[in-house]
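Engineer: One structure, as structure tokens, below. Some questions next.
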2 protein chains.
Amino acid sequence: MFEFEVKTQCPHTGARTGVLHTPHGDINTPVFMPVGTQATVKGVLPRDLKEAGSQIILSNTYHLYLRPGHELVREAGGLHKFMNWDRPILTDSGGFQVFSLEAMRKVDDDGVTFRSHLDGAKHRFTPESTMAVEEALGADIAMCFDECTMAGADYKTSARAMERTHRWAQRCIDAHKREDQALFGIVQGNMYADLRVESAKAICSMDFPGIAIGGLSVGEEKPIMYEMLDALYPHLDPNRPHYLMGVGSPDCLVEGVGRGVDMFDCVLPTRLGRNGAAMTSQGRLTIRNAVYAHDFSPLDPQCDCYVCRNFTRAYLRHLIKAEEMLAAQLLSLHNIYFLHRLMDRIRDEIEAGTYKDFMKAFRASQAYSF
Amino acid sequence: MFEFEVKTQCPHTGARTGVLHTPHGDINTPVFMPVGTQATVKGVLPRDLKEAGSQIILSNTYHLYLRPGHELVREAGGLHKFMNWDRPILTDSGGFQVFSLEAMRKVDDDGVTFRSHLDGAKHRFTPESTMAVEEALGADIAMCFDECTMAGADYKTSARAMERTHRWAQRCIDAHKREDQALFGIVQGNMYADLRVESAKAICSMDFPGIAIGGLSVGEEKPIMYEMLDALYPHLDPNRPHYLMGVGSPDCLVEGVGRGVDMFDCVLPTRLGRNGAAMTSQGRLTIRNAVYAHDFSPLDPQCDCYVCRNFTRAYLRHLIKAEEMLAAQLLSLHNIYFLHRLMDRIRDEIEAGTYKDFMKAFRASQAYSF
């Protein structure tokens, strides 16, 4: 039911195209996954997501577990039916969210006790309990429960969290039952290359159909992230998809693909959209700026999305200034479309054997400044 | 360029169907107009409005004059281009908004001085200045600048405002220049039937292609509104369209049509949508209520809109509880669709000669309780 085929391997970089088969359809990789934290990609109707070319979306186990509750989602027939999304879905394990609740959690070898950000109520996640939650949600791809350390954590703390992540990975495998759901392992190790390599070896030694790289979206500088990806690259099984978690700026997508990454997710396009910023071929455009007040050109002259075909910068600026929700809707839609077209372009360049040149040209372009 | 044809007159009630020809297309009446106060129907993409069947939308002169400014809209090529709406638009005159700023305005025979609700800056509207603003916005239909009294204003105050409204109506006619824009007069007179009749006679004696009834959406009880419409009916020129301003609940639409009203506008469908309420064939549905937590049926089983075809009450309730903007988007879209389908039904019943029976049945239905 899950199979990953590499189609084209770039001869000069780690980039490759492939197809990931899932119960809800095939995914052409490299792929960007929009984030629908609470069972909705904020501000975007599912039919508009499809039109923009979203192949798969991510949803957050921590949030859905707390509200509306995974049992309700199960009762609805699973997350696909609940949110009306019939293409593939990936759920994280809640690990990242729980470990972000700095003051409100307590970790031990068995699991994590934490307080809900909604009402302060006490909850507990273990590898086994999160597997049960993810199975109830019923995504095509579930993620292991891992311990994610923050940027700047010392070597010893990072090593301990990594080792725990490996033990939990095995417990997740043992607990996971659904055959129509793929379970991906997560490589940790913070910003320590030797830990990353050790973690890649450990996770690749286990029976996971996909390998994720966690903990690289939590504040590290981009050069350190690229360094970690370089260190990891030789140790990631090339026959399995590689998923870089929580990363989605245009520069990181291009650099990540060049280092063998097949899957990305990030809240960036929708968060930027709600904050009045657009991703464009000329880089980030902050539409609130007064310079756009009388600018009747589209957000991005090189874009052919619904927004760029029909609305001007002056209008979008007006919506932002007037605090109209349509601003967030249109900017989010454009930003998602922009990233999907970038991934289309990336796949085309890889297939054409020109990815190395494309990377070079992209690095020199304004779109790279993110 | 503007022509109103009555197609079918109900033999038993004041209801009639017709077609209003405008530069941006024909409008089948009776019609409900969604409100796009700040050049956007809140939360709804223009293409989705079209799909829902919106024939014409209303936008507010007061708001657009203050932000982004009518000169910017003119520079954009007019409101249609600015907001990407190529069907007809109607703009009010700002009178209603200005007279709602109780503490912040001062009226004299020449016009009104008021303070902006945005920054407190002083502005002045006169019949001549609002005509200039509405011409810059460039809607298909512009409304006269009138003095609107609040519900409960005494007879003398209401009579004085009505007389001023008539003088201003003539000044609007004299000032209005655009031939591709129809100017509608507004009948005032508050809840005093004799004033309403006097006002109808005065406004109908002037050269307006359409007659609006103002000041009946500002707090009167519905029976008083119906009483006023009954009193007005014999005095409204049947050859011109009749527009009841600011009214849009299902019961008022059905009752208004029965009293000869051809056009309605209201923020109700979008405001209810943002507040988590749906208009349904069973009446108002407050989706936040716990009773819908496990309800996997559509908002309205009798509705075939995108929302009812694809999402459940349980999901919509989750979105509301999670404060997701998609809730407002979906509920607004459904509510607008609901009102358009109600108007379709109303037109069908009139053409079939069965409107009187329909009114009777509708009054007895749950949909009437609004």
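Engineer: Residues with beta-carbon under 14 Å from that of B:Val267, excluding B:Val267: net charge, scoring Lys, Arg +1 and Asp, Glu -1?
Structural biologist: 0
Engineer: If you take every DSSP beta bridge whose two residues both sit in chain A, what share of them, in percent to the nearest 5, is antiparallel?
Structural biologist: On the way: 22 of 44 bridges.
Of those bridges, close to 50 percent are antiparallel.
Engineer: Under 5 Å between amide H atoms, partner at least 5 residues away or on a different chain: which partners does B:Gly185 have, H built in plane at 1.01 Å?
Structural biologist: Those qualifying (amide H under 5 Å, at least 5 residues apart or on another chain) are B:Gly210, B:Ala212.
Engineer: Compute the separation of the alpha-carbon centres of the stretch B:55-96 and the stretch A:175-230 and state it in Å as a whole number.
Structural biologist: One Cα centre to the other: 53 Å.
Engineer: Which value in deg cm²/dmol, rounded to the nearest 500, describes the helix-derived mean residue ellipticity at 222 nm for the protein assembly as shown, given -39,500 (n - 2.57) per DSSP H run of n ≥ 4 and division by the residue count? Display every interim value, and only then the final one.
Structural biologist: Numbers: 30 runs with 303 residues, N = 740.
The per-residue figure over the protein assembly as shown is -12000 deg cm²/dmol.
Engineer: A further question follows. Per residue of the stretch B:160-171, what does 6.51 cos²θ - 1.76 cosθ + 1.60 with θ = phi - 60° give for ³J(HN,Hα)? Whole Hz please, x for Gly and Pro, Karplus curve as stated.
Structural biologist: For the stretch B:160-171, the Karplus-derived couplings read 5, 5, 5, 5, 5, 4, 5, 5, 5, 4, 5, 5 Hz, x marking Gly and Pro.
Engineer: Mind checking which of B:Gly152, B:Gly189, B:Gly248 has the largest fluctuation in a GNM of chain B, springs on alpha carbons under 10 Å?
Structural biologist: In this elastic network of chain B, the residue with the biggest mean-square fluctuation among B:Gly152, B:Gly189, B:Gly248 is B:Gly152.
Engineer: Using a Förster radius of 30 Å, what is the FRET efficiency between B:Glu128 and B:Asp194 based on their Cβ-Cβ separation? Nearest 0.05, please. Don't skip to the answer; put the middle values down first.
Structural biologist: Values: r = 30 Å, r/R0 = 1.01.
Here the calculated transfer efficiency is 0.50.
Engineer: Taking θ as phi - 60°, what are the ³J(HN,Hα) couplings along the stretch B:239-249 by the Karplus curve (6.51, -1.76, 1.60), each to the nearest whole Hz, with x for Gly and Pro?
Structural biologist: Each residue of the stretch B:239-249 in turn: 8, 10, x, 10, 10, 8, 7, x, 10, x, 7 Hz.
Engineer: Okay, moving on. If the rule is a partner Cβ under 4.7 Å, which cysteines in chain B fail it?
Structural biologist: Within chain B, the cysteines lacking a partner Cβ under 4.7 Å are B:Cys10, B:Cys148, B:Cys204, B:Cys252, B:Cys266, B:Cys305.
Engineer: Using the Cα atoms of chain A to build a convex hull, what is its mean projected area in square nanometres? Let's see the in-between values first.
Structural biologist: Numbers: hull surface 69.9 nm².
Orientation-averaged projected area of the Cα hull: 17.5 nm².
Engineer: If you put a point 7 Å past Cα along the Cβ direction, how far is that point for B:Gln282 from the same point in each other copy, in nm, smallest first?
Structural biologist: Once sorted, the set of distances for B:Gln282 reads 5.3 nm.
Engineer: Measuring from a point 7 Å past the Cα of B:Asn310 along Cα-to-C-beta, which residues in the stretch A:325-340 have an amide N at less than 15 Å?
Structural biologist: A:333
Engineer: Using Cβ contacts closer than 10 Å as the measure, can you line up A:Ile346, A:Ile203 from fewest to most?
Structural biologist: Working: A:Ile346 25, A:Ile203 28.
Sorted ascending by nearby Cβ count, the order is A:Ile346, A:Ile203.
Engineer: Compute the longest continuous run of chain B that contains no exposed GluC sites (Glu not before Pro); treat a site as exposed when its DSSP state is not H, G, I, E or B and it has at most 16 other Cβ atoms within 10 Å. Please list the in-between numbers first.
Structural biologist: Values: sites that count: B:Glu179, B:Glu221, B:Glu323.
The reported range is B:1-178.
Engineer: Residue-wise, which Karplus ³J(HN,Hα) couplings in Hz belong to the stretch B:111-128, taking 6.51 cos²θ - 1.76 cosθ + 1.60, θ = phi - 60°, and x for glycine or proline?
Structural biologist: Those phi angles translate into x, 10, 9, 8, 10, 4, 6, 7, 9, x, 5, 7, 9, 9, 10, 10, x, 5 Hz.
Engineer: What residue in chain A has the Cβ closest to the axis turning A into B, and how close is it in whole Å?
Structural biologist: Per the A/B rotation axis, the closest residue of A reads A:Met325, 3.
Engineer: Using the Cβ atoms and a cut-off under 9 Å, what net charge is assigned to the surroundings of B:Met245, where Lys and Arg are +1 and Asp and Glu are -1? Show your work: numbers first, answer last.
Structural biologist: Details: positive: none; negative: B:Asp92, B:Asp265.
My count for the surroundings of B:Met245 gives -2.
Engineer: Name the residues whose placed amide hydrogens come within less than 5 Å of the amide hydrogen of A:Thr40, ignoring near sequence neighbours (fewer than 5 apart) on the same chain.
Structural biologist: none
Engineer: Shifting gears a bit: Once the label point is set 7 Å along the Cα-to-beta-carbon vector, what list of distances in nm do you get between B:Lys122 and its counterparts in the other copies?
Structural biologist: When each copy's label point is compared with this one, the spacings are 6.4 nm.
Engineer: Let me ask another. Taking K and R as +1 and D and E as -1, what net charge do the other residues with C-beta under 12 Å from the C-beta of A:Val307 add up to?
Structural biologist: Local net charge: -1.
Throughout, read-outs are computed from the coordinates displayed, never taken from laboratory work. All values derive from a computational prediction rather than experimental measurement. Note that we place each Cβ from the backbone using ideal geometry, even for glycine, and neighbour counts take in every protein chain shown.
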